[in-house]
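Student: Mind having a look at this structure? Questions to follow.
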Amino acid sequence: MADRVTVIGWDGSPLTAAARSALSAATLVAGAAHHLALPEVPKGAERIRLGSVDLAARRIASHRGSAVVLADGDPGFFGVVRTLRAPEHGLEVEVVPAVSSVATAFARAAMPWDDAQIVVAHRRTLRRAVNVCRAHPKVAVLTSPGAGPAELALLLEGVHRTFVICEELGTDREQVTVITSDKAADHAWRDPNVVIVIGGAGTPAVPGGGWIAGHEPGYPPAVRGWALPSQAYGQSYGEGLGEGESVQLRAAQLARLGPRIGDLVWDIGSGSGALAAEAARFGAAVIAVDADPSACARTDATARHSAVQLQVVQGRAPHVLERLPEPDVVRIGGGGVPVVTACADRRPQRIVTHASTRDEAEAIGAALAAGGYAVECALLQSVELDTADWAERERSVVFLLSGRRLDRAP
């Protein structure tokens, strides 16, 4: 096993005294080509060009001597330190940090970044990274080959954002480009790069900024809770909430959907937009669909009132769904068996809907089961009381149906 492993972050600045000391004593140096070309790397040291960090860690573990690993930016921030410290390698490391590439990118853009979401985009995580960009007004994306600015832009089709693309930070080839997302796919971008994605409706300004990293100013929201009454959306009691949008039904639907950051939620038959806005408050990206132009306008207004980002698509399901990106979870507010079948064909993890009659519930349940979903159904009855005299104000009886995709763990 290596006597000592030192991980040195490099941001293009001159190496610190601690970094130079570790390098001068190194008998093995691992890093990218531009790291191995640094003049401080000893000529007699064994050199490993980093590709797979796991493979390099095995080589380092079997080396007798002092090893140094060079990495761009802060190696403890989405970097090699996590892999090197994995139990299977048994390496103990010392870290000489540098300014992270995310901090450098925001510095180049002269923007604060305590309110930014930060995601890593690989081929396997690209879609989830894009969903974060849909849902939040400021996101830094650490890209990789095949999951770069062009791919981000293509998957953001229909959502306008501004990209600040920082290529090869810290090198003499560094370049910063500001471009709209619809133009980013037309260019070839050099690796490595960081993309700052900004835009959308934004959030209300808070004097002095926020108090918790990774959240927009104003977090947590002023109104506590979810499945809120209509008054929370700037509407009078009983106005704006359509059939199937009762507080109790929305609460049950949200519980079964479980929207979370990185998800894309389809809300089909969005009505007032109450459920769509609440799903967005969990950090999920949301596409709200409704055939009624006035419902789309109400959903837009609800999103603005709730200070959340969502995309509204006017069109009639199931046909309009063909051009939408793949969902993780789907709430269906209307459309019956044809819409349920079309959604099941897209294989989301969860589908939630409701029915007014038992016959309708049985038909929807059969469609979900035929589509490969485990089906649950509950009869929900709620009675709202006027607390002035405890008289019944409103009664609601509905069948709640949910489907969980069988080829995925709950």
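The values are calculated or read from the model by the stated rules, or taken from the named source; none is laboratory data. What you see is a predicted model, and the numbers here were worked out from it, not measured in a lab. Positions of Cβ are generated from backbone atoms using ideal geometry, with glycine treated the same way; all protein chains shown enter the neighbour counts. Note: areas computed on protein heavy atoms with side chains; ligands, DNA, RNA excluded. Shrake-Rupley method; radii C 1.70, N 1.55, O 1.52, S 1.80 Å.
Student: Tally time: how many residues in the range 196-217 are at pLDDT below 75, over 17 Å from the mean Cα position of the chain (by Cα) and not hydrophobic (A, V, I, L, M, F, W, C)?
Tutor: 5
Student: Quick one: Thr353 ticks every box in (1) free of Cβ contacts under 8 Å to residues at least 60 places away in the same chain; (2) assigned to a strand (DSSP E or B); (3) surrounded by fewer than 19 Cβ atoms within 10 Å (Cβ to Cβ) except a single one, so which number is it?
Tutor: It fails just one condition, (3).
Student: Quick check on this structure: which one of Ala184, Ala279, Ala252 is modelled with pLDDT of 95 or more, closer than 27 Å to His319 by Cα, crowded, with 18+ Cβ neighbours inside 10 Å and not charged (D, E, K, R)?
Tutor: Residue meeting the stated conditions: Ala279.
Student: Given (1) open to solvent by less than 50 Å² (accessible area, probe 1.4 Å); (2) at positive phi, identify the lone condition not met by Trp390.
Tutor: Just one mismatch for Trp390, condition (1).
Student: Within the group Ala86, Ala110, Ala153, which residue is within 25 Å of Ala56 (Cβ to Cβ), without any contact (Cβ under 8 Å) to a residue 40 or more places away in the chain and of a type in the set (A, V, I, L, M, F, W, C)?
Tutor: The match here is Ala86.
Student: Select from the range 51-97 the residues that are assigned to a loop (DSSP other than H, G, I, E, B), closer than 24 Å to Ala17 by Cβ and of a type in the set (A, V, I, L, M, F, W, C) and list them in ascending order.
Tutor: Passing the criteria: Phe77, Leu91.
Student: Restricting to the range 117-143, give me the number of residues that are surrounded by fewer than 22 Cβ atoms within 10 Å (Cβ to Cβ) and touching a Phe, Trp or Tyr at 6+ places or on another chain (Cβ under 7 Å).
Tutor: 1
Student: Specify which of the listed residues (Pro87, Pro14, Pro97) is open to solvent by 30 Å² or more (accessible area, probe 1.4 Å), out of contact with any Pro (no Cβ under 8 Å at 6 or more places or on another chain) and closer than 23 Å to Glu174 by Cα.
Tutor: Selected residue: Pro14, the only one of Pro87, Pro14, Pro97 that is open to solvent by 30 Å² or more (accessible area, probe 1.4 Å), out of contact with any Pro (no Cβ under 8 Å at 6 or more places or on another chain) and closer than 23 Å to Glu174 by Cα.
Student: Can you tell me which residue in the range 303-326 is nearest to the chain's Cα centre (by Cα), limited to those that are among the β-branched types (Val, Ile, Thr) and at pLDDT 95 or above?
Tutor: Here the residue is Val312.
Student: Just to check your reading of the model, which residue among Val375, Val337 is touching a helix residue (DSSP H, G or I) at 6+ places or on another chain (Cβ under 6 Å) and outside any helix (DSSP H, G or I)?
Tutor: It is Val375.
Student: Looking at the range 145-174 only, could you name the residues that are open to solvent by 30 Å² or more (accessible area, probe 1.4 Å) and either assigned to a strand (DSSP E or B) or hydrophobic (A, V, I, L, M, F, W, C) (or both)?
Tutor: Leu154, Leu155, Thr162, Leu169, listed by residue number.
Student: Here's a follow-up. Across the range 26-41, which residue is nearest to Thr171 (Cα to Cα) among those that are part of a loop (DSSP other than H, G, I, E, B) and open to solvent by 50 Å² or more (accessible area, probe 1.4 Å)?
Tutor: Ala37
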